[in-house]
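Below is one structure, written out as structure tokens; comments come after it.
The values are calculated or read from the model by the stated rules, or taken from the named source; none is laboratory data. The structure presented is a predicted model; accordingly, all values stated were derived computationally and were not measured. Neighbour counts are summed over all protein chains in view; Cβ atoms, including those assigned to glycine, are modelled from backbone coordinates with ideal geometry.
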Amino acid sequence: MSKKQVSSGEKQKPKQIECKNAALGYEGSAVVEGLDFSVRSGDYLCILGENGSGKSTLIKALLGLQSLMSGTIEWTGGLTPKEIGYLPQQTLVQRDFPASVREIVISGCLSKTGLRPFYNKAEKKLAADNMERLGITELSGRCYRELSGGQQQRVLLARALCATGKLLLLDEPVTGLDPKAQMDLYELIAGLNRQGITVIMVSHDVNAAVRYASHILHIGSRRQLFFGEKNAYMDSRIGRTFLAEEGGEDVG
């Protein structure tokens, strides 16, 4: 079984991330080894795997918060870890954050302000444009903690878009949402991807993976099990097994 299946057509898109034989872990003990994958501009990569397989550790490495034990993660095409728009899993404390929608969205521009203690005109416009883009302009003056879970995730996604227009890293973005809010958010993310934004999404939702992703990275116990295009994953032994176990749909 091949761990990495990539079509020749992908060579037409510029690479943004290249991970080569990376091992990740803590205090000399590896959590996952042999990570070997790439992300190209406009890809929608879904990272699948059981709890404890190393997905969270990989997220930290992509964000520049976790050092590699071995191997490399290279950023190309002018992209850096600071240009990732990150949407983490929400905690109860985050859901109860006492700030306005506008304040939270524009805080995504903090990496652009440097030592400047205020937001400039361009950053204010960017925040306004992203609120419009995600359909939350009318919520701009509302307190974040008063919103529904789906509205809160739209706010955080708008914040992430203020940080970057290139790549979004999403960690279980629909956790805790009702089915309709989940579908709305998935469709919103897919729309952003169609507009050219690269998406990396960590998920346990295999149905979302086979419906929306262009590529799958499947991490097993301490090692990479598969990386390649979605259709190749669905035809692979690991893909068929995982889809059957998780009740995944046969979506082309």
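Structural remarks
- From the options Gly150, Gly191, residue that is part of a helix (DSSP H, G or I) and buried (at least 18 other Cβ atoms within 10 Å of the Cβ): Gly150
- Total residues in region 154-198 satisfying the condition of being among the polar types (S, T, N, Q), in contact with an Asp or Glu (Cβ under 9 Å, 6 or more places away or on another chain) and modelled with pLDDT under 95: the figure is 2.
- Cross-chain or 6+ apart pairs with Cβ under 6 Å, region 64-75 first and without any contact (Cβ under 8 Å) to a residue 40 or more places away in the chain, then crowded, with 16+ Cβ neighbours inside 10 Å: Gly64/Pro81
- For region 55-102, the candidate set comprises residues that are crowded, with 16+ Cβ neighbours inside 10 Å and charged (D, E, K, R); within that set, the residue that is modelled with the lowest pLDDT is Lys55.
- Condition check for Leu48: under 22 Å from Gly176 (Cβ atoms), touching a strand residue (DSSP E or B) at 6+ places or on another chain (Cβ under 8 Å) and either of a type in the set (Phe, Trp, Tyr) or assigned by TED's automatic domain parsing to the domain that holds Cys19 (or both): yes
- Checked across region 22-29, the condition of being surrounded by 15 or more Cβ atoms within 10 Å (Cβ to Cβ) and among the charged types (D, E, K, R) holds for no residue.
- Total residues in region 217-233 satisfying the condition of being of a type in the set (A, V, I, L, M, F, W, C) and either within 17 Å of Leu168 (Cβ to Cβ) or without any contact (Cβ under 8 Å) to a residue 40 or more places away in the chain (or both): the figure is 1.
- Among the residues of region 207-232, those that are among the hydroxyl-bearing types (Ser, Thr, Tyr) and modelled with pLDDT of 95 or more comprise Tyr212, Ser214.
- Residues that are over 30 Å from Gly150 (Cβ atoms) and of a type in the set (D, E, K, R) are absent from region 75-85 altogether.
- Residue match in region 225-245 (condition: under 15 Å from the mean Cα position of the chain (by Cα) and over 23 Å from Leu35 (Cα atoms)): no
- When the test is whether a residue is among the aliphatic types (A, V, I, L, M), part of a helix (DSSP H, G or I) and crowded, with 18+ Cβ neighbours inside 10 Å, Val39 does not pass it.
- Looking across Arg142, Arg194, one residue alone is in contact with a strand residue (DSSP E or B) (Cβ under 8 Å, 6 or more places away or on another chain) and among the basic types (Lys, Arg). It is Arg142.
- Against the conditions (1) in the same structural domain as Ala23 (by TED's automatic domain parsing); (2) closer than 30 Å to Gly77 by Cα, Val155 satisfies every one except (1).
- Unique residue being crowded, with 18+ Cβ neighbours inside 10 Å and within 15 Å of the chain's Cα centre (by Cα) when the list is Leu126, Leu169, Leu139, Leu177: Leu169
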